[in-house]
Amino acid sequence: MNSDSSHSDDGSAQHLEVAVIGGGQAGLAIGYYLKQQGCRFVILERASELAPAWRERWDSLTLFTPRRYSALPGLPFPGDPDGYPTRDEVIAYLERYAESFQLPIGLDSEVKKLEQDDGRFRLELDDRTITADQVVVATGPFQKPFVPKLAEELSADVFQAHAVGYRKPNDVPDGTVLVVGGGNTGFQIAKELSTTHKVVLSVGSRQKPLPQRLLGRDLFWWLTKAGILNKSIESRLGRKLSTRDTLIGSSPRELKRYGVELKPRAVDADGRKVRFEDGSELEVDAVIWASGYRPDHSWIRLPVFDDGRLRHRRGVTDVPGLYFLGLTWQYTRGSALIGWVRDDAEFIAEQIAAYQASKAPAAHEKVGAKAPAQARPDEGT
């Protein structure tokens, strides 16, 4: 992994052709293609290590995509291609990926503000300013943990943690644990906790359970074979699928076999009691909020939002040179999955190259008018 090349020796703002914000799977994937193009770019990561979103997940997390479907472009995922990688394997793979392709990464580089100034993008960090011709926001879908308001009504002696802060069963106090959230995360954490605790899972909206394997093949083999993962949000089927969440490898029936009790949506709390949509109540000792995330683009000061909702088409915004990558259903079901983010990354890289090429003639004319026999001071750096 290259060291951060976004600092300027003389203290002035460093200029880049492309600034990539986010050092997770999406940022690394676009970095691969930008490196192939010979771009002058840096991947800016807020944390002190790569892939913080993966590091913040629970210890025993196992992907529901096999290794053959969990690789970024240019580097196969090591190990049994039909086996399922763990969280730690994914982190190790992403670190190896950055090293293998010598991607320029700036750690501890949180972008506090993104705006435009005199035709260039301006990125404000704690200790410096960076300007860029183009910017890729690759911060992904896991940005701001969401916890319902009713959490504030619980007693201080009730242990509470968002899924992002949950690591292992031993960290949770003895007694009754309520897991709130009926997605894959909620089901997996409830299943793990059931071996050591009495667990109740609150499910607000039912999701269709799909088996991990079917007729001896992994689910994603069938989805790929049927072309479902390539259906875009612009297609009829894609629009329909984008409104439906699915459980992969989990089901209410399976949880019941583990002794987990299912409850409907949690609607209120008072002290140690939580009340549910059906009027029933439960006294709890701990609550794990597997209630998802919300986007946080408050630091982006550019006209690409409608009432907080990002306006884009396959990651391309109305602001020339500004792109997003790694969003849920950015273009297909696979857009936010490690094994399929490459498709959108390659597309965005093509847009970046085309935009850069379209600006090049104008830049050369401007340079030539001022100093026909001398290159710009920053040219070729």
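The values are calculated or read from the model by the stated rules, or taken from the named source; none is laboratory data. All values derive from a computational prediction rather than experimental measurement. Cβ placement follows ideal geometry from the backbone for every residue including glycine, while neighbour counts extend to all protein chains displayed.
The criterion of at least 1 residues that are touching a Gly at 6+ places or on another chain (Cβ under 9 Å) is met by the following strands (runs of 3 or more DSSP E) wholly inside segment 265-359: 266-270, 281-283, 286-289, 322-324.
Applying the criterion of being under 18 Å from A290 (Cβ atoms) and among the charged types (D, E, K, R) to the residues of segment 153-176, the residue that is nearest to the chain's Cα centre (by Cα) is R167. Taking segment 11-128 and the helices (runs of 4 or more DSSP H) fully enclosed by it, the elements with 1 or more residues that are closer than 25 Å to L210 by Cβ, in contact (Cβ under 8 Å) with a residue 24 or more places away in the chain and not hydrophobic (A, V, I, L, M, F, W, C) are at 25-37, 87-100.
In segment 133-144, which residues are modelled with pLDDT of 95 or more and either in a strand (DSSP E or B) or more than 21 Å from the chain's Cα centre (by Cα) (or both)?
D133, Q134, V135, V136, V137, listed by residue number.
Test E153 against the criterion of being modelled with pLDDT of 95 or more, farther than 30 Å from I338 by Cβ and not assigned by TED's automatic domain parsing to the domain that holds T328, and give yes or no. So E153 fits the description; yes. Restricting attention to segment 207-247, the residues being buried (at least 17 other Cβ atoms within 10 Å of the Cβ) and farther than 15 Å from T332 by Cβ number 5.
In this structure, is I338 of a type in the set (V, I, T), within 22 Å of T65 (Cβ to Cβ) and either within 21 Å of the chain's Cα centre (by Cα) or assigned by TED's automatic domain parsing to the domain that holds K112 (or both)? Considered against the rule, which asks whether it is of a type in the set (V, I, T), within 22 Å of T65 (Cβ to Cβ) and either within 21 Å of the chain's Cα centre (by Cα) or assigned by TED's automatic domain parsing to the domain that holds K112 (or both), I338 comes out as yes.
Every residue, every condition in (1) of a type in the set (V, I, T); (2) more than 23 Å from A353 (Cα to Cα); (3) within 31 Å of the chain's Cα centre (by Cα), yes or no:
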{"position": "D268", "(1), (2), (3)": "no, yes, yes"}
{"position": "G292", "(1), (2), (3)": "no, yes, yes"}
{"position": "S298", "(1), (2), (3)": "no, yes, yes"}
{"position": "V304", "(1), (2), (3)": "yes, no, yes"}
{"position": "G315", "(1), (2), (3)": "no, no, yes"}
{"position": "L325", "(1), (2), (3)": "no, no, yes"}
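Do we find that Y97 is at pLDDT 95 or above, within 30 Å of P78 (Cα to Cα) and not assigned by TED's automatic domain parsing to the domain that holds L327 in this structure?
Here the answer is no, as Y97 does not meet what is asked.
For the criterion of being at pLDDT 95 or above and either buried (at least 20 other Cβ atoms within 10 Å of the Cβ) or of a type in the set (G, A, S) (or both), A357 fails. Out of curiosity, is D318 touching a helix residue (DSSP H, G or I) at 6+ places or on another chain (Cβ under 7 Å) and over 25 Å from G183 (Cβ atoms)? No; evaluated as a whole, the condition is false for this residue.
Within segment 115-132, the residues that satisfy the criterion of being touching a Phe, Trp or Tyr at 6+ places or on another chain (Cβ under 9 Å) and either modelled with pLDDT under 95 or surrounded by 21 or more Cβ atoms within 10 Å (Cβ to Cβ) (or both) are I130, A132. State yes or no: is V135 within 22 Å of S280 (Cα to Cα), surrounded by 18 or more Cβ atoms within 10 Å (Cβ to Cβ) and in contact (Cβ under 8 Å) with a residue 60 or more places away in the chain? So V135 fails the test.
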